[in-house]
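First up is the structure itself, then whatever we jot down about it.
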Amino acid sequence: MSNRAESAPQEGNVRVVGTAHVSADSVREVEETIEAERPDVVAVELDEGRYRQLQGETPDDLDAGDLLRGNTVFQFIAYWMLSYVQARMGEKFDIQPGADMLAAVETAEEYGLDVALVDRDIQTTIQRFWRRMGFVEKLRMVGGLAFGVTDSRVVGLMFGLLVGIVVGPVIGLFGGAFGVTDALLARVAGGVVLGAGVGLALSFVGDLFLDGDDSLLLAVGGGITVAMVSATLGVGSGLVGGFVAQAVGSMALGLFVGALVGVVAGSVFAVTGLDVEDDYEELDMSELTDKDVVTVMMEEFREFSPGGAEALIDERDAYIAHQLVALRSQGRNVVAVVGAGHREGIERYLANPETLPPMESLVGEAESSGVPWFKLFGAAMSVGFLAFFVLLAMAGVRNEFLLRLFAAWFVVNGVFAAGLAKLAGARWSSAAVGGGVAWMTSVNPLLAPGWFTGYMELRHTNVNVTDIATLNELLADEQRPIRDIVSDMFDVPLFKLIMVVAMTNIGSLVASILFATYILPLFGAELGGVDGVTRLMVQGATRSFDLIVGGLT
């Protein structure tokens, strides 16, 4: 008993203050608590990078390897979207996001108190958060965040666009079985050509006489109208034919179907109230720090993504508690300022520190759980692509034919990847590198031509996290025309880099779809169509087996 009595005074204590990160009431509570307690240390839920950013310091440039490696681009986009939603909430309630943490730091400095940064590095948290989420959870999260960034109808149309990109090639391959004739495809393709021409002309004229987005709306609306009327009446049937008519016509029909799906989806999203922005418009900020409300919010997120909640909430509770237990064991009196959602978990660990998981389990990169289906799929695609050429060669197909087939694959992938990269603002050298490797990366999802284009771009420019704040400011301006906002966003190095990477990858993906849908059948016809190609591959496999067996005997 005497030993415990002697050691007790040497241990400090910790008071945990739970705050809402965009609440003015939280700022006052933090200032008043620190002033009343006058602790030895004020611990804040910040890491070094976010602390420097709140202090107004210029953050370090982002490392190119970290930004372009693996899924890091998607993680960074998710971080940007979360930042945007928080910034909009702060604007709504007239408070700077992170003002509670900044108030804690400034009040501590005012009274000459030490400040401890007790949160885990944000990049580690985002990486572990992303890796712990399942594929479906990631799709749901990105979709849900998209509702906070834009109107639900726009999200619906984007969804429809993706549907159209898939439906178009399907129509090109199997449309004949559903009554889609070559004549219909020629009419649609001709309408598209006329519509595109009229749209460009209206855009030029509109820029002379109209302001804002009216010129863009006139060009898009007029072009689509002319395309639909022309296709219906068959006015432009003779403008294109053959392969071009088949490709353009089927893709146009696919996008039309996708647009209809998008309109329906957007309407459903709007009617069912899935718009995140509408939700936070009705929030009462005083309720965000209420224990019961926060508990409900945390449990809802845990049901949505158990793995994500573990990385974003539970692990950080434990990490922060480790830091606070260490300060307390040094005899320091601490006021810890944390988000309200972390308060209960941290206090539970402080009361029972023996239940804390080892610190080494909370840092470093998280390992994905389950079967690595994506890697297996990538390996299967690479093997299948190689096997296709090898088996045809073993079946006796002429080298000249195989070279022409490979050249077509190389050119189509290169043109689309490089073209879309250049459209996104890439330098010619960067676009050429991305286009040059697109043939190889398109058969292996573990690689991406956009990575190579991005690395080339980063030889000429630097990006840092302040670019996110710039993007948030541009997106928050609801008065300026959309074209001006988008143009300014491309002047932000981070956005331009992401778009260059994304457009290069999209170009390679679209090229692969078009090649498989429209070009490969042209080559296959020389070998007797699908049946002929299948027969040759079986023949090549048989010869390969015989050679292997013969070599072993």
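The values are calculated or read from the model by the stated rules, or taken from the named source; none is laboratory data. Everything numeric here is computed off the predicted structure, so don't read it as measured data. Cβ placement follows ideal geometry from the backbone for every residue including glycine, while neighbour counts extend to all protein chains displayed.
Going by what's in this entry, would M440 be described as outside the structural domain of D214 (by TED's automatic domain parsing), touching a Leu at 6+ places or on another chain (Cβ under 9 Å) and either modelled with pLDDT of 80 or more or polar (S, T, N, Q) (or both)?
Values: outside the structural domain of D214 (by TED's automatic domain parsing): yes; touching a Leu at 6+ places or on another chain (Cβ under 9 Å): yes; either modelled with pLDDT of 80 or more or polar (S, T, N, Q) (or both): yes.
Considered against the rule, which asks whether it is outside the structural domain of D214 (by TED's automatic domain parsing), touching a Leu at 6+ places or on another chain (Cβ under 9 Å) and either modelled with pLDDT of 80 or more or polar (S, T, N, Q) (or both), M440 comes out as yes.
So the check is Cβ under 9 Å with 6+ separation or different chains; which pairs have a first residue in segment 534-553 that's on the phi < 0 side of the Ramachandran plot and a second one that's among the charged types (D, E, K, R) and outside any helix (DSSP H, G or I)?
Listed pairs, sorted by first residue: none to list.
Return a yes/no flag: does segment 424-436 have any residue that is assigned to a helix (DSSP H, G or I), farther than 18 Å from E526 by Cα and in contact with a Pro (Cβ under 6 Å, 6 or more places away or on another chain). Before the answer, list the steps.
The first filter runs over segment 424-436 and keeps only residues assigned to a helix (DSSP H, G or I), leaving 428-436.
Narrowing further to those that are farther than 18 Å from E526 by Cα: 428-436.
Filter again for in contact with a Pro (Cβ under 6 Å, 6 or more places away or on another chain), leaving 434.
Checked against the condition, which is being assigned to a helix (DSSP H, G or I), farther than 18 Å from E526 by Cα and in contact with a Pro (Cβ under 6 Å, 6 or more places away or on another chain), segment 424-436 yields at least one hit.
List the number of the failed condition for L260; all other conditions in (1) surrounded by 14 or more Cβ atoms within 10 Å (Cβ to Cβ); (2) within 27 Å of F174 (Cα to Cα) hold.
(1)
Can you tell me which residue in segment 453-467 is farthest from S430 (Cα to Cα), limited to those that are modelled with pLDDT of 75 or more and within 18 Å of the chain's Cα centre (by Cα)?
For segment 453-467, the residue satisfying everything is D467.
Given the structure, is R459 free of Cβ contacts under 8 Å to residues at least 24 places away in the same chain, part of a loop (DSSP other than H, G, I, E, B) and closer than 30 Å to V412 by Cα?
Working: free of Cβ contacts under 8 Å to residues at least 24 places away in the same chain: yes; part of a loop (DSSP other than H, G, I, E, B): yes; closer than 30 Å to V412 by Cα: yes.
It is true that R459 is free of Cβ contacts under 8 Å to residues at least 24 places away in the same chain, part of a loop (DSSP other than H, G, I, E, B) and closer than 30 Å to V412 by Cα.
If you check every pair at least six apart or on different chains, which have Cβ atoms under 8 Å apart with a residue in segment 234-257 that is assigned by TED's automatic domain parsing to the domain that holds I224 first and a residue that is assigned to a loop (DSSP other than H, G, I, E, B) second?
Matching pairs, first to second residue: V248/V240; S250/V180; L253/V180.
Could you count how many residues in segment 107-138 are out of contact with any strand residue (DSSP E or B) (no Cβ under 9 Å at 6 or more places or on another chain), charged (D, E, K, R), surrounded by 17 or more Cβ atoms within 10 Å (Cβ to Cβ) and modelled with pLDDT of 80 or more?
2
Answer yes or no: is there a residue in segment 533-545 that is in contact with an Asp or Glu (Cβ under 6 Å, 6 or more places away or on another chain), buried (at least 16 other Cβ atoms within 10 Å of the Cβ) and at pLDDT below 85.
Step one: filter segment 533-545 for residues in contact with an Asp or Glu (Cβ under 6 Å, 6 or more places away or on another chain), giving none.
No, every residue in segment 533-545 fails to be in contact with an Asp or Glu (Cβ under 6 Å, 6 or more places away or on another chain), buried (at least 16 other Cβ atoms within 10 Å of the Cβ) and at pLDDT below 85.
Among (1) among the small types (G, A, S); (2) touching a Phe, Trp or Tyr at 6+ places or on another chain (Cβ under 9 Å); (3) surrounded by fewer than 16 Cβ atoms within 10 Å (Cβ to Cβ), where does G425 come up short?
So G425 meets the others, but not (3).
Among (1) assigned by TED's automatic domain parsing to the domain that holds G258; (2) modelled with pLDDT of 80 or more; (3) in contact with a Ser or Thr (Cβ under 9 Å, 6 or more places away or on another chain), where does L173 come up short?
Here L173 clears every test but (2).
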